[in-house]
Amino acid sequence: MVRPLPGESVHSVSVHLEPAQFLAAWREKTGAVFLPTLSETRVGDQVAVRVGIHGHPIRATLFGKVTLVRRVGRPALPPGVELQLEKNSLAAAGFLAAAARGEQVSFQERAPRYVLERTFVVERAGRAMEVAAINVSQGGLAVRWPGPLPLVGDELVLKLREGFFARALEAIVCWNQPGAEGERTVGLKLRAEGRAGRAWLKLVDDVARSGARTA
């Protein structure tokens with residue numbers, strides 16, 4: 001299991017907001033958003049929030065760090081948290097805002113995915129298992145999952161073999177899809193940092209250059 005850095009426990013939640021509520025909460029210039037949830041968290045915690053806008057089909061997952069916590073509120077100022085969004089979540093927040101304003105949007109919440117048939121080793125709660133990749137991208141991958149599905153927000157470690165070395169990448173479960181044996185799938189968001197991150201980006205670049213079809 002991934003061991004978060006001090007003050008970096010990961011929380012995951014889904015929220016649906018009224019259009020005016022999201023527009024009032026979104027601060028485009030600073031890349032921050034206030035959400036009326038997760039008031040039990042602490043400043044510095046990492047968060048993954050699936051946000052929907054009432055009356056619109058668009059949904060997006062925003063990743064960020066808690067910068068403010070309001071534990072007790074009042075009607076005009078509800079309890080909740082302010083998140084400083086990661087760079088790769090800014091476009092998603094912008095599309096949510098456009099939908100909230102009533103604009104016509106066509107949003108694909110992802111970078112290009114490339115089909116890849118390859119097995120990886122992941123560790124969950126100290127137990128290693130093999131998973132079969134379905135597709136990969138710079139930010140993560142989708143895999144077929146053996147056994148009971150992990151929960152959205154669970155933390156894992158992906159082992160990436162690079163020559164004689166095995167790089168360890170921290171991963172967060174972004175979604176899961178139930179099914180029969182061999183059909184259960186899981187989406188993993190990777191923290192592509194340091195040498196392990198560079199190794200992952202190189203792997204994805206090599207797959208793209210090989211002419212692999214997109215998913």
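None of the figures in this text is laboratory data; all of them are computed from the coordinates on show. All of these numbers come straight from a predicted model, not from anything done at the bench.
Mean separation of Cα pairs under 8 Å and 6 or more residues apart, divided by the residue count, gives the stretch 10-100 a relative contact order of 34 percent. Evaluated over the chain, the count of Lys pairs having alpha-carbon atoms less than 21 Å apart is 9 (only pairs 8 or more residues apart or interchain).
Taking a quarter of the surface of the Cα convex hull of the chain, what do you get in nm²?
The Cα convex hull of the chain, projected and averaged over all directions, gives 13.4 nm².
Compute the Rg/Rh shape ratio of the stretch 119-188: radius of gyration over Kirkwood radius, all on alpha-carbon atoms.
0.94
When the Gaussian network model of the chain links Cα atoms closer than 10 Å, the mean-square fluctuations of T30, T185, T61 top out at T30. DSSP beta bridges confined to the stretch 10-100 are antiparallel in about 70 percent of cases. Annotation: amide H of T37 within the under-5 Å range of V81, sequence separation 5 or more or interchain, hydrogens built in the peptide plane.
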